[in-house]
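Reading through the structure tokens given below for one structure.
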Amino acid sequence: MSPSPDEPLRPGDLVDFTVGEAAHGGWCVARPEPGHGQVIFVRHALPGERVRAVITQRTSKLARADAVEIVEAAAARVPPPCPHARPGGCGGCDWQHASLPAQRALKAAVVSQQLRRIAGIEREVTVEPVPGDDDGLGWRTRVRLAVRPDGTAGLHKHRSHEVIEIGDCPIAHPLVGAADLASRKWPGARWVEVSTAPASGDRAVIVSAAGGSGRPPRGRAGQAWGRGRHGSAVPAPGGYLRQHAAGRDWRVSAAAFWQVHPGAADTLCAAVLDALRPRPGDVVLDLYCGAGLFAGLLAEAVGPAGSVIGMEQDRQAVRDARHNLRAAPWARVHCGDAGELLARQRPSGATLAVLDPPRTGASKPVIDLLCGPGRESGGAAAGLRRIAYVSCDPATLARDLGLFRERGWDLKDLRAFDAFPMTHHVECLATLERPAAG
């Protein structure tokens, strides 16, 4: 039964309400009826549905809940393809109960919402499917499983440290499933991660020792294993995978960043080229350049008359990038924090820039160094005419776009891609331009 309006909501309470708009993070927003006044963020529901939900958490400002009964279902509701995508189940997927078109509409609404609320930008957004994605399943090429003290591997329950045995994950790529991590025991491990390269068939498994850091350790505990010519498990040479994108192969360390959707790297390469429109002789900054995907693409476009300056603080990724860019000596990669490198090098000749920061976004010091702290300041790269900003988090993207706008830059275009089907995550590409003088 629902508590009376005079009673505060408590974990375990059942509440009936009509669901409101989607919110960032895979939630929908609602208020209980007849009106407790406290906002409820509910999972496993869709906008417009009438649901019965159980309160799972309460703070001074909000409550969280799981929809445990759908009284009136939305037309977009579908049966989740995974039995663990349910209240009390795995926290990996947020929108399995919605059709793919509905998922993309929800993500588009959230991106527009974050732009409006955080940056004051009014913009309609369309989330584009990534080529090769027909049903939203079998796409995830990298999966990390947590390991229980008894050696059992699985995925975390939503907002919990509890590890759930999941068996075969429907969104995992077949190469990930073939590694068969969940059915094996991993005594003494904290987590186990498998990374795959669909084009080459390469696969690597990294095991973290219990009590270790959050990064894959070196040595025995962090040994990378790949798939031999005949399918046997052998150490991957150097721990590298052969990824393929933009018409060529790339060496990527098993623990280094690479887009997890098989079609995402090609899609983003084409979108970045379209956004920046590089010309021979341009000088390009590639901040957070990873294994050098965009740097290599842009080096071809600007040619020997131009240059590409990459910056990346992950040492493994820097080694990969330098290897991948060895045929283009006019492309250089520096190892270190982007803000510190910008402050030290002051790349005043740059004409274009691409940023692909982690989920936390680009820092304010980086944006200040690129653009200057105000409209009258030229910044470290005063000659920049266009910036492509790649982001996997709408909230930090909106925050940073607001900073760019304060410094006189205009948002010319924004594209969004469904690179993470069944989850709330979405990949965005913002194109920024400096208005012409006068």
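Of all residues in the stretch 157-183, count the ones that are acidic (Asp, Glu) and closer than 14 Å to Ala197 by Cβ.
Selection size over the stretch 157-183: 0.
Exactly one of these conditions fails for Arg344: (1) basic (Lys, Arg); (2) farther than 30 Å from Pro174 by Cα; (3) touching a residue at least 40 places away in the same chain (Cβ under 8 Å). Give me its number.
Every listed condition holds for Arg344 apart from (3).
Taking the stated definitions as given, is Asp168 free of Cβ contacts under 8 Å to residues at least 24 places away in the same chain and more than 29 Å from Ala63 (Cα to Cα)?
Considered against the rule, which asks whether it is free of Cβ contacts under 8 Å to residues at least 24 places away in the same chain and more than 29 Å from Ala63 (Cα to Cα), Asp168 comes out as yes.
Please work out which residue is nearest to the chain's Cα centre (by Cα), limiting yourself to the stretch 97-113 and to residues that are surrounded by fewer than 24 Cβ atoms within 10 Å (Cβ to Cβ) and of a type outside the set (A, V, I, L, M).
Arg104
Being modelled with pLDDT under 95 and either surrounded by fewer than 23 Cβ atoms within 10 Å (Cβ to Cβ) or farther than 21 Å from Trp95 by Cβ (or both), is that true of even one residue in the stretch 384-395?
Looking through the stretch 384-395, at least one residue is modelled with pLDDT under 95 and either surrounded by fewer than 23 Cβ atoms within 10 Å (Cβ to Cβ) or farther than 21 Å from Trp95 by Cβ (or both).
Conditions (1) touching a residue at least 60 places away in the same chain (Cβ under 8 Å); (2) over 29 Å from Arg242 (Cα atoms); (3) assigned to a loop (DSSP other than H, G, I, E, B), marked per residue:
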{"site": "Gly88", "(1), (2), (3)": "yes, yes, yes"}
{"site": "Val111", "(1), (2), (3)": "yes, yes, no"}
{"site": "Arg123", "(1), (2), (3)": "yes, yes, yes"}
{"site": "Asp133", "(1), (2), (3)": "yes, no, yes"}
{"site": "Gly136", "(1), (2), (3)": "yes, no, yes"}
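Name the residue, out of His156, His44, that is under 27 Å from Lys185 (Cβ atoms) and either among the basic types (Lys, Arg) or not assigned by TED's automatic domain parsing to the domain that holds Cys392 (or both).
His156 is the lone residue from the list that is under 27 Å from Lys185 (Cβ atoms) and either among the basic types (Lys, Arg) or not assigned by TED's automatic domain parsing to the domain that holds Cys392 (or both).
Being acidic (Asp, Glu) and either assigned by TED's automatic domain parsing to the domain that holds Gly154 or loosely packed, with under 15 Cβ neighbours inside 10 Å (or both) is the filter here; which residues of the stretch 58-92 pass it?
Within the stretch 58-92, Glu69, Glu72 meet the criteria.
Across the stretch 308-340, what is the number of residues that are of a type in the set (A, V, I, L, M, F, W, C) and touching a Ser or Thr at 6+ places or on another chain (Cβ under 9 Å)?
Looking only at that region, the number is 4.
The values are calculated or read from the model by the stated rules, or taken from the named source; none is laboratory data. No experiment lies behind these values; they were computed from the predicted model shown. Cβ atoms come from the backbone with ideal geometry, glycine included; neighbour counts cover every protein chain shown.
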